[in-house]
Structure formats: structure tokens, C-alpha cells
1. Give me the residue from region A:108-157 that is among the aliphatic types (A, V, I, L, M) and in a helix (DSSP H, G or I) and, out of that set, nearest to A:ALA186 (Cα to Cα).
2. For residues in region B:106-134 being away from ligand 4 (no atom under 11 Å from the Cβ) and among the hydrophobic types (A, V, I, L, M, F, W, C), which is nearest to the other protein chains (Cβ to nearest Cβ)?
3. Test each condition in (1) crowded, with 18+ Cβ neighbours inside 10 Å; (2) within 14 Å of chain A (Cβ to nearest Cβ); (3) touching a residue at least 24 places away in the same chain (Cβ under 8 Å) for B:GLY155 and report the one that comes out false.
4. Being away from every other protein chain (no Cβ under 14 Å), of a type in the set (Val, Ile, Thr) and either away from ligand 4 (no atom under 15 Å from the Cβ) or in contact with a Lys or Arg (Cβ under 8 Å, 6 or more places away or on another chain) (or both) is the requirement here; does B:VAL91 meet it?
5. For region B:227-251, which positions are hydrophobic (A, V, I, L, M, F, W, C), facing another protein chain (nearest Cβ under 8 Å) and in a loop (DSSP other than H, G, I, E, B)?
6. From (1) farther than 22 Å from B:PRO399 by Cβ; (2) away from ligand 4 (no atom under 16 Å from the Cβ), pick out the condition that doesn't hold for B:VAL103.
7. Restricting region B:264-299 to residues that are within 16 Å of the chain's Cα centre (by Cα) and away from chain A (no Cβ under 14 Å), which is surrounded by the fewest Cβ atoms within 10 Å (Cβ to Cβ)?
8. Are any residues in region A:38-78 within 13 Å of chain B (Cβ to nearest Cβ), in a loop (DSSP other than H, G, I, E, B) and free of Cβ contacts under 8 Å to residues at least 40 places away in the same chain, and if so, which ones?
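Throughout, read-outs are computed from the coordinates displayed, never taken from laboratory work. Computed from a predicted model, the values in this text were never measured in an experiment. Glycine also receives a Cβ, built like all others from the backbone with ideal geometry; neighbour counts cover every protein chain displayed.
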Amino acid sequence: MFKILKKEILGPQMVSMVLDAKSIAKIAEPGQFVIIRVSEKGERIPLTVANFDRVKGTITIVFQKIGKTTYLLAEKNEGDFILDVAGPLGNPTEIEKFGKVVCVGGGIGIAPVYPISRKLKEEGNDVISIVGFRSKDYVFWEEKMKSASNKLLIATNDGSYGEKGFVTDVLGKLLETEKDIVRIFAIGPAVMMKAVADMTLKYGIKTIVSLNSLMVCGMGMCGACRVTVGGETKFTCSDGPDFDAHQVDFDELMKRLAVYKEEEQIAMELFKGGK
Amino acid sequence: MSVNKKATPMKEQEATERRKNFLEVPLGYTKEEAIIEANRCLQCPTHPCIEGCPVHINIPVFIKAIREENFQLAVDIIHESNLLPAVTGRVCPQEEQCQVVCVVGKIGDPVSIGRLERFVADWDIENRKKGNTLLPKKEAPKGKKVAIIGAGPAGLSCAADLARFGYDVTIFEAFHVAGGVLVYGIPEFRLPKSIVEEEISMLTKMGVKFEFDFLIGRTRTINGFFEDGFSAVFIGSGAGLPQFMHIPGENLGGIYSANEFLTRVNLMKAYKFPEYDTPIKRAKRVAVIGGGNVAMDAARTALRLGAEHVYLIYRRGRDEMPARAEEIVHAEEEGIEFVLLSNPLRYIGDENGFVKQVECIKMQLGEPDSSGRRRPIPIEGSEFTIDIDEAIVAIGTIPNPIIAKTTPGLKTGKHGEILVNENMQTSIRGVFAGGDIVTGAATVITAMGAGRAAAKSIDRFLKGEI
Ligand SMILES: Cc1cc2nc3c(=O)[nH]c(=O)nc-3n(C[C@H](O)[C@H](O)[C@H](O)COP(=O)(O)OP(=O)(O)OC[C@H]3O[C@@H](n4cnc5c(N)ncnc54)[C@H](O)[C@@H]3O)c2cc1C
Ligand SMILES: Cc1cc2nc3c(=O)[nH]c(=O)nc-3n(C[C@H](O)[C@H](O)[C@H](O)COP(=O)(O)OP(=O)(O)OC[C@H]3O[C@@H](n4cnc5c(N)ncnc54)[C@H](O)[C@@H]3O)c2cc1C
Ligand code: SF4
Ligand code: SF4
Ligand code: FES
């Protein structure tokens, strides 16, 4: 049982929670995730460790309410418990002094990008971050991202805040002006990561994405999370979640993400109907 | 005295009925049936059955106790060598172990040792429910901590013995429940989860502690345990890494590893979706690839989820199937369609990325290979397709590499199995291993035997004897 110490509503459908999870906080690194189970009949779902405090023994998760499990989780309040939190899982993001780097976060993807930018900056990289939201109401963690980057660029789809457009629009301009970018980290919806990958391939810039495959075990024993990378089958949870974007078969990933569409709808309808 | 040549039959759910539910198939002996069957044992002085059992249960003596209706004595005798008799009595490949050598087998059916073991264990569970719990005696506390990795049969039995020897034992388990393959792999209709739970609850009563959601190699490393004050570590992490064939289309929607399929259904109870949140595809035409116990379990599970056709595609013949004979018969009775001497070449998908066909090739058997079984060879030009909307790949699992990868100096063999000496010691002092992580996928009883052997070695190690 893991206690919720703090809960914050970050925007429409976006929630952050600070959890008491000492053994995870002790060793979590940017890029890792946990698998949680909210209730006895619940599903196991992966969520990134968006922040951790080794001294206090806490981790932060940030999630978007999109289906039954995330809705159930959002109903929990400070002082309540989450049944299971297993982790930290997956391999930490490879971070060293690269030089000039860009971190791209789309929507909920900003939460996992944050500890990565922070560590990149700590390691002495020149970090430019680009974060994208649907509109002004959805903006969260702006201050945090600012402090974790040397330069922060913001885009909203409707132009209500920052630049109008997608993160890829901002990235496109940046790639034209900044010629010494050596590495790009992109986390967000699969379509966004694919668009970033297509764009950076032309410039030959190494691009790392953190994949969001469906998972069951999170420890490499079921194969639910398998993806094709460089023509080979990999398990996102144990071989990733970070992969070289230019090697990932995003079309396959997107198809696999949609496998349970029908069942997810059934679960959500019953949930909304009060079941 | 003349012995009845026929074994006392055990009642079963009818095939037509059971293929629609997840309830247990064989129903167990009544007291009267157990005594009749116990009387078939000759109490022969050579008792080869004991040698046949990997943990050497004193079989004639426990059977004699059944005859005399002293069931508690029978329980105690079994418990001396086997902590999970309700499990092994159900899933042991008895026909290849204790029963294959039984003397009565020379004139008729061997004594149904497994069924008798199950009867005794179930009697014990009922008796415990009435509050008559007898905990095994424990030695005085030795003031030393031992960490056990994995709550499968190997880890559980190692923990139980160490607790009896007086050690302070904690089991670290990656999943949220204990049992290993017993809870996520073997289906409810062969091994009810309530029975596994009940057997495991004995460990808690004996003072064994459990830490769930704890993945060694990630949450903590083996070296970390020694820093935390543990004096010895036992690795019983099993052989959970699913193998795929790496043929085109294998990542299409609707294609599962048997591990994923069974974990969703058994551990996460996807067969009760949407009451439980984890979904599973309810397919109409299912292909299961493989011929072992796991393939049979997956096929029979798919049937119970409502499939109209379940094709079990196996590259050798029926006689070469590694599954237990009893399970092959059960599968056939329930209507699983065997597609023998055939091997998948590729999967064909629809426009949404869901599997719709599997293309196979016919095989013939050639010379025996290193495993002693005749090697299957493809017959050129014999390709054929089957329409399916789901496929389950059950071609085996190998040890999960995560512990080896995160433990410098831990020696492994060519399939990633952890190497141990005759005392179950690994290449790192104070670290022991046993079960499927050492042998590759094997059986419940061999894993238990390994866990117990390791407990003895750990005791000797901590006393400075090895
Ligand atoms: C390594 C990893 C880290 C993740 N980190 C975070 C995180 O920090 N915050 C967060 O909000 N989410 C994160 N996710 C995604 C998260 O696991 C899913 O949003 C969650 O499982 C949805 O569960 P649900 O029952 O609420 O929705 P469901 O009912 O399962 O799904 C509802 C809708 O969401 C879509 N969906 C389901 N799963 C995913 C997914 N994995 N990615 C994208 N869309 C999905 C479905 O197609 C459907 O349209 C991460 C995923 C992975 C693999
Ligand atoms: C579907 C199926 C059917 C089977 N049917 C039969 C049968 O009928 N009869 C029979 O005798 N045998 C059968 N077997 C085989 C038998 O179940 C196994 O041989 C036995 O369970 C092995 O025991 P174990 O303790 O070594 O490993 P497991 O049972 O695999 O347990 C290992 C445990 O360790 C945990 N773990 C793994 N890695 C870590 C880590 N890094 N940190 C923490 N915990 C970890 C796992 O979650 C698991 O709980 C079957 C197997 C399967 C899959
Ligand atoms: S444990 Fe298995 S092999 Fe041993 S007596 Fe029981 S059924 Fe037979
Ligand atoms: S071999 Fe058969 S008959 Fe002889 S003691 Fe064992 S069970 Fe009884
Ligand atoms: S989620 Fe099970 S292998 Fe990755």
C-alpha cells in the first residue's frame, strides 16, 4: 500500500500525485516508470516517475484521465492509498554531457521529460526545451521546465499561449537556426514522436523517444509491450522504454496501442454509469 | 490378496459442461474412494515409488495412514518432504514420476498416488478451516536474515524450511501476489487459486515476511541485500522470458505469448472482464502454437473464453507432445482441434493490424535430434492457411535476464540459466539459486525440491560448514 501525500489538479483531466514510496525514491532515475494497480479488481498500468525526492522518500506521478484506471486513480485523495506501485522499472535514460540538446514534450509527455531535462542541465548540457499543450488551460509545470532548461519554448495548438501550432512547428524552426544540436529527446503521443522522428531524420540528429506501449507485467515476462526496433522485436519495459526514434516502427506501435479500443470503451461506459 | 487392476476413477466435470466454465475439472476423491484406492497399494518392501518422486515422499507410509483413516498422520508424512501437496497432487506429472515405477503398474493401473496426495491435502485444508492449524515446529531464532527472490514453488519452499531452521526470512516478489506460475500460469480449472492462497498462508503463519511489487535488479540489487544486512540470498526467479518464433506478422493485434494470455486471464482475471478491469480479446478462431502443458492450458483457456475453434498447431506428432498425457486427453475431450506435424510460417493481418490468418507448412519427422526426439523437417510446397482471429505462442520460456544483467560476477549458462554447484551455490558467495532459473522450464515439484536443497545448504553456509 502506497500513501498519497499530495494531490494536485494540473489542468483539465491532468492530475499529479506525490506518493510515499521509499525504496523506489531511493534509486529511481529519469526515464524510469512504475506499474500501479489502483484496486483489487484493477488493471496494472505504467506511469512515469516524473519526479523523485531521495531524502523524503517520495515519487511524483502525473497522469491524464483517459480511461477507467486513470479515472479511478483520480478519485483518490490525499491520505488515501494506492494498492500497488512496483518499480522503478525500465532502463534510465542515457544522460551524459552531449553539448546542445533539445527536449520535446507534448501534453502529458512533459511530465516524463522534466527529470530528463533537469539531469541533462545538471550534467552541463545546453538544454532547449519545447513543450506543447492543447491550449492555455492545459499549461502545467511551466516554472519547473524553465528551471530545468537553458531555454524554454512553448506552443499551444490554438495559439492561446506561446506560439501557435504543434511542437514540431517550433522544432522545425529551431532546426533551421540552431545548427549544433547533437541530440533530441521527445516524449508524447505516438503520433507526435513519429512526427519528430521523421523531421530529425532529415537532419541526421540522434533522437531518443520513450515509448508508451500497452503493458501487463512491466518486467519482461509477458511480451505485451513488444515493438519492432531496427527490424527486431524488443520489449519496451525491459529493453526500453527509450529507443532510437529512427529505428522504431511507429505504425505498428500505434496499431498495437489501439488493440483494446472496444474493451476500453465498455469499461469506461460502465464506469461512468456508476458501476 | 488380489488387487483390483483398475485405478479408482476420480469424478470429473463433463467435457460438454466444463468447456464453458473455469471451475476445476477433476473433483477429487471422497473418503471412501480414497480408502479403496489406498488399499490397492501393496506396501511393497522395495517401494520404488519413493525413488520416483523427486522429493522422496514416504509414499507407502502415507498411503497406509489413509487406509487406517489416520489422515492427520498422512498429512504430516507428506509435509516432511512436500509443502504444497494440494498443488502437486493436482499438477505433478505423476505418470512419469512416482506412478510410472509403481509395482502395481506391472499388472494394471499403478496406484493413483497423486490423487491420494490431493485427497490428503484437501482434507488438511478443510481441517485447517475448522481452526485446527498445526504449525510445523521451529528451531530457536538464529538471528540471521535471509532474502528470497521470487514467490514461486522454489522460493516458497526454501523460505518455509529456512523459517523452520530459525532464520528471519523475507520473500521479495515482483508481482503483487505470491505463487509464481501457480497463480499467473496454471489456469483456475486445473489449480484453483484459493488453494494456492491457502497453502501460502501457512508461510505467513510461520513468520515468513513478504515484500510485493519488488523487482530485484530494479528496486534493489543482490549486492544491496548484503548492504541491508541479509546474510544469504536465494534466487528462485523462474523461467519467465517468453520465446517468439520471429516470423512475419508476429506482432499483429490478437497475437499473444502464452505468458501474456495466461497472466491476463489467471492473475488479472480478464475472464471476468468488465467486472475486472484487465481486458482480453474474446476470439472465435484461435491458433495455439506448441505442444506442451502451457499450450494445452492456453488452448483450454481460449475455449472457455468462448472460442468456437481452437487449433493446436504442433510441429511434431501426438506421441511427441511434451504435455502430460492426462491434459492431452482433457484437451481432446473438450474439443481442441490438433493440427499436428505443422509449423507456422507467417501471420497475415487485416487493414487494422489484427491477425486474420496463419500460414503453416506441413512437417515430417526425420532422424532423432539432440533431445532424442525425431526432428521435424518441412515438406516443401505443403503450405496451407487457417483463418483465425487470435494466436497464442506457447513455444517455451527461458530464464529472465534481469537479475544476471544487474549482478556483476553472477555466472550464467548459454540460455541465461544461473549456474550452481552441488550445494546450489552460485558464483557469488552467499548467493544460492534453484528452480526454473537454474534448470530452465521444468516442474513444480523439481522447483520445490531445489528450494529445499538450497535451504539446507544455506543453513550449512550460515553455520560456517560450507
Ligand atoms: C512507460 C510508460 C510510461 C507512461 N507514463 C505515463 C504518464 O506518466 N502519465 C500518463 O498519463 N500516462 C502514461 N503512460 C500511459 C498510461 O499508461 C495510459 O494512459 C494508461 O494505461 C491508461 O489507462 P486507462 O485505463 O485509464 O485508459 P484505457 O481505458 O486503457 O485507455 C483509454 C484511451 O487511452 C488510450 N491509451 C491507453 N493506453 C495508452 C498508452 N499507453 N499510451 C497512449 N494512449 C493510451 C487508449 O487507446 C484509449 O483511447 C505511460 C505508458 C508507458 C508505457
Ligand atoms: C502454463 C504453465 C503450466 C504448467 N503446468 C505444470 C504442470 O502441470 N505441472 C508441473 O509440475 N509444472 C507445470 N509448469 C511448470 C511449473 O509451474 C514451473 O516449473 C514452476 O512454477 C517453477 O517454479 P519456480 O519457483 O522456479 O519459478 P516460478 O513459478 O516461475 O516463480 C518465480 C517467481 O519469481 C518472481 N520473479 C521473477 N523475477 C523476479 C525478480 N527479478 N525479482 C523479484 N521476483 C521475481 C516471479 O514473478 C515469480 O513469482 C507449468 C508452467 C506453466 C507456465
Ligand atoms: S510430489 Fe509428485 S511425484 Fe512426489 S509423490 Fe506427490 S505426485 Fe508423486
Ligand atoms: S510402488 Fe506402488 S505398490 Fe509399492 S509401495 Fe509404492 S505405491 Fe505402493
Ligand atoms: S509489459 Fe510484460 S514484457 Fe513488457
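1. As a first pass, look at region A:108-157 and keep what is among the aliphatic types (A, V, I, L, M): A:108, A:110-111, A:113, A:116, A:120, A:127-128, A:130-131, A:139, A:145, A:148, A:152-155.
Okay, now just the ones that are also in a helix (DSSP H, G or I), so A:108, A:110-111, A:113, A:116, A:120, A:145.
Values: A:ILE108: 12, A:ILE110: 9, A:ALA111: 12, A:VAL113: 8, A:ILE116: 10, A:LEU120: 14, A:MET145: 14 Å.
This residue is A:VAL113.
2. Ranking the qualifying residues of region B:106-134, first place goes to B:ILE125.
3. With respect to (1) crowded, with 18+ Cβ neighbours inside 10 Å; (2) within 14 Å of chain A (Cβ to nearest Cβ); (3) touching a residue at least 24 places away in the same chain (Cβ under 8 Å), B:GLY155 is out only on (2).
4. yes
5. Within region B:227-251, the subset hydrophobic (A, V, I, L, M, F, W, C) is B:230, B:232-235, B:239, B:241, B:244-245, B:247.
Now narrow it down to the ones that are facing another protein chain (nearest Cβ under 8 Å): B:241, B:244.
Residue satisfying the conditions is B:PHE244 alone.
6. Answer for B:VAL103: the failing condition is (2).
7. Residue satisfying both the conditions and the ranking: B:GLY292.
8. A:LYS41, A:GLU43
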